[in-house]
Structure formats: C-alpha cells, structure tokens
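Okay, so here's the structure we're looking at.
The values are calculated or read from the model by the stated rules, or taken from the named source; none is laboratory data. What you see is a predicted model, and the numbers here were worked out from it, not measured in a lab. Cβ coordinates were reconstructed from backbone atoms using ideal geometry, including for glycine residues, and neighbour counts include every protein chain displayed. Surface accessibility is based on the protein's heavy atoms, side chains included, excluding ligands, DNA and RNA. Shrake-Rupley method; radii C 1.70, N 1.55, O 1.52, S 1.80 Å.
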Amino acid sequence: MAERIEQRLEDRVPELEQLERVGLFTRKEIRAVLKKASALEYKIQRRALRKEDFVTYIQYEVNLLELIKKRRARIGYSFKKDEIENSIIRRVHSLFKRATGKWKEDVQLWLSHVAFCKQWNSKHQLSKVFSCMLAIHPNKPALWIMAAKWEMETRLSSESARHLFLRALRFHPECSKLYQEYFRMELMHAEKQRKEKKEFEQAKMDLGEFNYSEEILNGEMARIIYRDAAQKIKGSVEFHLALLSIAKLFDFTQDLQKEILESLQASYADDPLTWDYMARRELELGSPQSAEHTTKQMKVAEMTQREERCCAVFEEAVTAVPTEDMWKCYIAFCLERYNRKTNSEELKQKRLERTLSAFNKAHESSLLPEGQYKQWLQLLLESSLCEKAMEVAEAATRRFRLSVEIWQMRLQVLIQLKSDDVTQCFEEALKHMKSKGTLPLWTLWVEWSEGTNSKEDTEALYQRSLCATAPTESVTMKEKYLDWAYRNGGYKKVKRVFTSLHENRPFSLDFFRKMIQIEKEQETCKMLNLREYYERALREFGSTSSDLWLDYIKEELNHPQGKPENCGSIHWRAMKMLQGDLVENFVSKYTLLQTGHL
C-alpha cells in the first residue's frame, strides 16, 4: 500500500513543479498540497473503504482546480493547461471511476461525475459515464432523458439521442415522460434541418450533397412517435395535452396539432380536461382584425368576445359532462380571468358577473365542490354582496352539514357582518357535530365572545367547551382559558382557574409552563407556588421532558426562597423517571449547569 501511495504522490510532482515554476503557487503552498494529498491518499487505500473519503478527496481536487482557475485569471497566465489542469482532471475521473465501481447503486455519485464532466468540458469522458451509468441504472427514465438531451444539445447528435430514446423505451414502454422528450427532440431536429435548408437556399448553394427528407422536415418522425405513444399510453388526457403543448412551440406542426386534437376529442370527449383545453383555446383564436388603428375600446371588446366564446364552450361542457370536476374547471377559468388586471371597469364587471353566475349555476346543480364555497363567499364579500353571502353560507351548511370547515366559514361570514344570529348558528353547528374535531368552532366562539359578550358569558363558554370537546382537543381550550383568565381577572382569577383545572386531565406541558411564567411575573413570586406547579407538571411529563427537571433545579438554585439542598433529590428523581436518550441529555446539561455554563 505504501508503495502505491508513494507512486501516486510522485505522479503529482510534474504538475506541482509547473504550478510553482509559472508562479501560480508558492513553494509553501506546494508542500501543503502534497501533505493534504498524502493524507487523502492513505484514506482511499485502506482495506475498509468509505464513500465519504472519496467524496472528500474529489471535492479537494475540484477546489484546487477552481483555485488554479482564479489564480490564472488574476495573473493573466493561460499556458501549460495540459500539464496542470488536465492532469488533475484525469485524477478526478479516476477517483470517480473507483467510487462508482464500488458504490454502483448511488445515483447521486454518478450525477456528481456527470456534473464534473460538464463543468470541465470532458465530452469524451461524459459519453463513457452515461454509458456505464445507464447500464447499471436502466430503470430510471430521468437518466435516459438527461443522456439523450446532452447528445442532442451539446454534441449536436440527433442520431445518438434517438438511439438512446429507443433503448430507453424498450425498458420503459409506457413512460409518458420519455415519449414527451423523444417527441420534443424529433421536432427540434426537424426545426434545425429546416433552418439549415433555408440558409443554404438563401445562399443559393447546391443541396445535392445534403439529404433533407421532406418527411423529417415536416415532423413526420414526431407523428410516428405520437401514434406509437397513443397506442401504449391509454386513458391519459394529460399526456395528449402535454404533446399538444410541445407541438405548439413549432410553427410547422399545424397538421400534427390537428391530428392530436381530433384524437383527444374522439377518445376523451367526456373528460373535463379535454373540454377545459377546448374552451381555453378560444382565447388564442382571435377574430381577424388589423393590428393598426386598434383602440383601447376595440381591444376590450375583442377580449370580451374571446372570453364569451370560452364560456360558451364551458356551458356546453357542463351540460355534456355534468360533474364536480367539470364545474371546477369552469370556475377556475372564470376566477383566473377575474383576477387578471385590467383598466377597463366594464370588462372587470363582466368578469365578476360571469364568475358569480358560474358559482350560482354549479350550486343550483348541487355540483359545487366543498372547497369552492369559500372562494364564492370571499368574492361575494369583496363585492359587498352581504345578503347573498349569508344566503350562500347557509345553503353550504345545509349541503355539507357535517363539515366543520363549512360551518366555520359560515360563522366567519356572520361575525364579519356583525349578525345577531352568531350564537344561534354556533349552537346549530355543534348540534350537528360530534365532539371530536369541533376545536376550530369552539376556538372561534370563545374568541368572538371575548370581544362581544360579558366576562361571565365568556367564562361559561370556556367551561362548557372543556366538557364538549374531545379530551385531546380540550387541552388547547384549557390553555386558552388560563390565558383569558389572567388577561381579564389578573393573578387571583388565574390561580382559581388553575386550581379548578389541575386535576382535570389531559394537560399539555404549556399549560403548566404558562402558570409558572405567570407566577414569576408577580412582584411577590412565591417558591412554594412554583414548587407546586413544577411538581404537578413533572407528575404528567417527568418521563419525557429533561428540560422541565433542569428548570426546576435552576429555580431552586436562583430563587430567593429556593432550597439548593433540594437539587440532589430532584436530580435523583429525574434519573429514575426519564426514559432512553433523555437521561444522557439531562446528565450533559446538568454537568454544564454545575460548571456555570448553562
């Protein structure tokens, strides 16, 4: 092993001598590099190899390359790259080769090698890396796509890219992403050939020696891919739409777009996404109009007509496919148009009317999804249509009477509009709900009551909530009750509330911490009370909270009425009660506390 390491270090000597000779590094820096390289070499020559050692070594060499690059730029020296950089680059490739040979399954390691090759323009090496990586990881379509894109975009080899896509599709015959990228690649290749042909024709060059196939120029290869994909990938509207959006990027694919669209309409006529696409397409199909002399009013009229054509298609769609998903698409479109900025008040108003009409029709058809009632209500309130908002909120709770979110939404509307029916609505909501899951309603009710009702009514509501909510949810209400009592009645009041609740399990740790904090805020903070709160908290959370024990010990040490002699017994109890790793955590923090570092 020592001889091998010695040999590898000797192999570095020529490049290091060159670095010193041309003034990029000093002798002291050269010695430091050798020393570091020696340590790194020893780590990767051990019998028990570690991936981290290879990664560290590679990162060191990459940093060295970056430093040399900066030094060259600073002194303006650009010679001897073959003796210096290329030597380091070859070593990094060798390190990557060993690492990926040992840890073949680590995709990130392969991708790091790919990134390095791209960064340092190692095209020949990168071809080999892709070849080895795909042989080991043929089950990852993203890697095939990455390799094919590089062949197409960097090496400008459409033939190699095509070969890779065809191999990938043998492994993944139903992968939609592979088909999409292959489809895109063939259209890019056709576009490139069309540009080349046009340039040759403009230069009046003889095209005899160049073989430009009309079929390829017209995107026939992409059409073959589409037809093959349509046979393999069934039932996916999204896939057809993805290919259509790719085809639209190229100005010579009108016939191909038409074919995909016709197939979409024939095979997926009942899919909401098909109708959604057909409707939105009307926005792009403007009426033929001269671009000159178009006034602002004419532009508004044109946009209004386009949007109305879209809505006419959507109206046809919700009749042909009367489903929640179809209405969701229609309403989403209306909201998108409504939220677009426009200086025309007339257009803004038409968009609002259109959106509200769509919401109303979906509701009347009982096909408005639960989540979209909230959007409808927000729009009504923004438009100051308060009575309609109350009517819609009530209708929503009739339809989704077991939904806490819908009741919460209705109550928020009533509260916002300062209605007299808030209490009645809360009572009605809780009548329909089981105790579990009603926490949002109780939280909203007590918060509203704090700003509206008397203290007595609010307290009665808090006490009622503790019995009405599920045990796990009552924990939050106890915390809120304690906080409210302190804010509205001071220390004596909160003390009485705590005393009334301290046996009413379950609790949260924050419930006790809140009471401890309140006690500490008093001018006459009593250690006797703090002990009671800590002891009660530890009874519930002593096995799971090491910080609670430490805070108790700190209190005994720092409080004027504290008893430092109690710390030993508290420590002993903590060691008995704490579980697992918490004991070690407690011991380390307790040691720091004793030495004055905590």
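Assorted remarks:
- If the chain linking Lys192 and Leu557 were pulled fully straight, counting 0.36 nm for each residue of separation and taking away their Cα-Cα distance, it would gain 123.4 nm.
- Most to least packed among 434-444, 547-557 [average Cβ atoms within 10 Å]: 547-557, 434-444
- Counted charge near Ser245, where neighbours are those whose Cβ lies closer than 11 Å (Asp, Glu -1; Lys, Arg +1): +1
- Theoretical FRET efficiency, 1/(1+(r/R0)^6), r = Cβ-Cβ of Thr319 and Ala460, R0 45 Å, to 0.05: 0.25
- Overall shape of segment 510-597 was characterised from the C-alpha gyration tensor. The equivalent ellipsoid obtained from it has semi-axes of 21, 15, 11 Å, in decreasing order.
- Legend: calculated FRET efficiency, Asn488 to Gln297, from the Cβ-Cβ distance at R0 = 56 Å, rounded to 0.05, equals 0.40.
- Placing a pseudo-label 7 Å from each Cα along the Cα-to-Cβ vector at Arg573 and Ser383 gives an inter-label distance of 6.5 nm.
- As a calculated quantity, the FRET efficiency between Ser94 and Arg21 at R0 = 35 Å, using C-beta atoms, amounts to about 0.90.
- Shape box of segment 410-481 [Cα atoms, principal axes, largest first, Å]: 32, 27, 15
- Its Cα gyration tensor gives segment 320-424 an equivalent ellipsoid, and the semi-axes of that ellipsoid, as √(5λ) in whole Å with the largest first, are 24, 19, 10.
- From most to least packed by mean Cβ count within 10 Å, the peptides 560-568, 319-327, 458-466, 271-279 give 271-279, 458-466, 319-327, 560-568.
- Mean-position separation - Cα centroids, segment 511-531 and segment 59-87, in angstrom: 65 Å
- Anisotropy class of segment 34-145 from Cα gyration tensor, a/c 1.5 cut: oblate
- Label-point gap, in nm, between Asp11 and Arg47 - each point 7 angstrom along Cα→Cβ: 2.4 nm
- Gyration tensor verdict on segment 452-506 (Cα atoms; rounded if a/c is under 1.5, prolate if a/b is larger than b/c, oblate otherwise): oblate
- Overall, the accessible surface of the chain at a probe of 1.4 angstrom is composed of carbon and sulfur to the extent of 50 percent.
- Shape call, segment 491-539: gyration tensor on alpha carbons, a/c limit 1.5: prolate
- Low-density loop cleavage sites - chymotrypsin sites (Phe, Trp or Tyr not before Pro) in segment 377-435, where at most 12 other Cβ are within 10 Å (DSSP): none
- Each listed q (0.08, 0.11 Å⁻¹) maps to a log10 I(q)/I(0) for the chain from the Debye sum over equal C-alpha point scatterers, namely -1.06, -1.07.
- Based on protein heavy atoms only, the chain ends up with 55 Å² per residue of surface accessible to a 1.4 Å probe.
- The gain in end-to-end length when the Lys123 to Ser267 segment is fully stretched comes to 47.4 nm, 0.36 nm per residue minus the alpha carbon separation.
- Between the alpha-carbon centres of segment 359-377 and segment 554-598 there is a gap of 59 Å.
- Formal net charge of residues neighbouring Ser78 (Cβ-Cβ distance under 11 Å; K, R +1; D, E -1): +3
- Projected label points at Lys149 and Glu220, each 7 Å from Cα along the beta carbon direction, are separated by 3.0 nanometres.
- For segment 463-502 and segment 125-203, distance of Cα centres in Å: 66 Å
- Gained length - Glu336 relative to Val55, 0.36 nm times residue gap less alpha-carbon distance: 96.3 nm
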